[in-house]
Amino acid sequence: MPALTYKGIVLSKIKDPLALLKENRFVFINESFRRLFHLEDLPGKIEDLFEKPPQEFGLLETRARRPDGSSFEAEVVLLPFNGELRQLLVRDVSERRATEKMWLQAERLTAMGKLAGEIAHEINNPLGGILLYANLLKEDLPSGSPLLSHVDKIIKLATRCRIIAKALLNFGHPEDSLEEWVNINQVLQDMFSLIEDHRLFREVEIIWELEENLPFVQGNRSQLEQLVLNLIINAGEAMKGRGRLYLRTRLGHGEMVVLEIEDTGPGIPPEIQERIFDPFFTTKPGGKGTGLGLAICHGIVKRHQGTIEFESQPGKTLFRVKLPKIHLGNE
Ligand SMILES: Nc1ncnc2c1ncn2[C@@H]1O[C@H](COP(=O)(O)OP(=O)(O)O)[C@@H](O)[C@H]1O
Ligand SMILES: [Mg+2]
């Protein structure tokens with residue numbers, strides 16, 4: 001078959017995925033179209049490859065389906081060619097869409113975190129006043145007064161608000177110095193020793209898998225401690241006191257220090273997975289959770305130019321944090 005040309009251009013040389021259609025049947029595909037769709041032969045009809053096959057000339061976004069069953073988000077352009085032929089250009093935009101979604105999510109979390117920090121600041125002072133006056137009132141009440149229990153409630157509830165406000169304030173410390181050299185293995189060990197006697201961990205088997213020569217990361221030690229502590233506590237709470245906790249570190253690809261905290265708890269149900277990083281999202285009943293732990297972790301990781309991700313199914317939940325290893329001037 002002679003090379004297919006159009007206005008002097010050999011079509012098979014065109015780099016972008018391109019196909020020619022006669023009515024709705026494929027009559028030609030170039031090499032990159034073949035590769036994009038993992039095709040061996042010429043496909044049949046346009047309907048076979050797209051969820052919403054383009055009908056008219058123009059640009060369209062739809063899901064493209066490969067004969068092998070996989071699919072991707074596609075940008076499709078249908079244009080006249082010559083005679084009764086039409087040309088179809090296809091681009092895989094899955095990755096672009098995924099990145100856009102991630103950015104949106106990150107932006108939303110940052111904005112929420114900032115707002116939360118500001119609100120906490122405003123609330124903290126009046127709360128201090130409430131506690132002060134409630135305590136004064138308590139002292140002034142005669143012992144045995146039936147009002148004492150009311151005042152105790154006020155103190156208890158206001159104290160809880162204080163705990164929440166304090167956690168919220170932790171969002172907003174972008175000004176903290178990020179200049180320290182931090183050994184993540186050390187952070188893990190220190191944070192674990194803080195909670196190992198807690199009832200949540202007494203019957204949990206701990207499996208340490210620490211990389212011995214782990215490079216330092218640069219950052220703020222107390223923020224990184226908080227990150228690790230939040231993840232360990234979540235794992236412990238999920239397992240309700242029984243299971244295995246894996247604490248892992250290693251040097252990953254791209255000069256990233258990888259930290260993993262894995263538990264054998266019930267997992268995160270798929271329908272809430274999108275929301276676990278949102279401030280105030282919690283599934284813990286009775287005021288046990290603030291829903292701030294993971295939102296704070298997200299902020300800390302972002303400030304350290306790292307990433308946080310998770311995989312979860314019943315019996316295995318793994319949170320993975322990647323932080324850039326320290327970059328020494330003479331390297
Ligand atoms: N290791 C885990 N296993 C199962 N669920 C988890 C785990 N970590 C977090 N979650 C879910 O994410 C939610 C949000 O976590 P977090 O932001 O730390 O808030 P909190 O712990 O106060 O509820 C939790 O309420 C829980 O539903
Ligand atoms: Mg938590």
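The values are calculated or read from the model by the stated rules, or taken from the named source; none is laboratory data. Computed from a predicted model, the values in this text were never measured in an experiment. Cβ: placed from backbone, ideal geometry, glycine included. Neighbour counts: every protein chain shown. Ligands, DNA and RNA are stripped out before the accessible areas are found, and what is left, the full protein with its side chains, is counted by its heavy atoms. Shrake-Rupley method; radii C 1.70, N 1.55, O 1.52, S 1.80 Å.
Of all residues in the range 288-307 being out of contact with any Gly (no Cβ under 9 Å at 6 or more places or on another chain) and within 13 Å of ligand 2 (Cβ to nearest atom), which is most open to solvent (accessible area, probe 1.4 Å)?
288
Return yes when residue 271 is of a type in the set (Asp, Glu), open to solvent by 40 Å² or more (accessible area, probe 1.4 Å) and closer than 23 Å to residue 180 by Cα and no when it is not.
The answer is no for residue 271.
Quick one: in the range 308-324, of everything that is in contact with a His (Cβ under 8 Å, 6 or more places away or on another chain) and of a type in the set (A, V, I, L, M, F, W, C), which residue is nearest to ligand 2 (Cβ to nearest atom)?
Taking the candidates together, the pick is 308.
What about residue 95, is it at pLDDT 90 or above and closer than 30 Å to residue 301 by Cα?
Spelling it out, it is not the case that residue 95 is at pLDDT 90 or above and closer than 30 Å to residue 301 by Cα.
So that you can scan it fast, the table gives a plain yes or no per residue for (1) in a helix (DSSP H, G or I); (2) free of Cβ contacts under 8 Å to residues at least 60 places away in the same chain:
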{"site": "227", "(1), (2)": "yes, no"}
{"site": "231", "(1), (2)": "yes, no"}
{"site": "234", "(1), (2)": "yes, no"}
{"site": "274", "(1), (2)": "yes, yes"}
{"site": "320", "(1), (2)": "no, no"}
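Can you name every residue in the range 255-271 that is more than 19 Å from the chain's Cα centre (by Cα) and outside any loop (DSSP other than H, G, I, E, B)?
255
Scan the range 276-303 residue by residue and report those that are in a helix (DSSP H, G or I), of a type in the set (A, V, I, L, M, F, W, C) and within 8 Å of ligand 1 (Cβ to nearest atom).
294, 295, 296, 297 - these are the residues of the range 276-303 that are in a helix (DSSP H, G or I), of a type in the set (A, V, I, L, M, F, W, C) and within 8 Å of ligand 1 (Cβ to nearest atom).
One residue is enough: does the range 164-173 have a residue meeting the conditions open to solvent by 60 Å² or more (accessible area, probe 1.4 Å) and under 25 Å from the mean Cα position of the chain (by Cα)?
yes
Using the structure shown, decide if residue 116 is part of a helix (DSSP H, G or I) and either within 30 Å of residue 19 (Cα to Cα) or in contact with a strand residue (DSSP E or B) (Cβ under 6 Å, 6 or more places away or on another chain) (or both).
No, not satisfied.
Just the residues that are more than 30 Å from residue 213 (Cα to Cα) and either at pLDDT 95 or above or open to solvent by 50 Å² or more (accessible area, probe 1.4 Å) (or both), please, taken from the range 231-264.
Matches in the range 231-264: 237, 238, 239, 240, 242.
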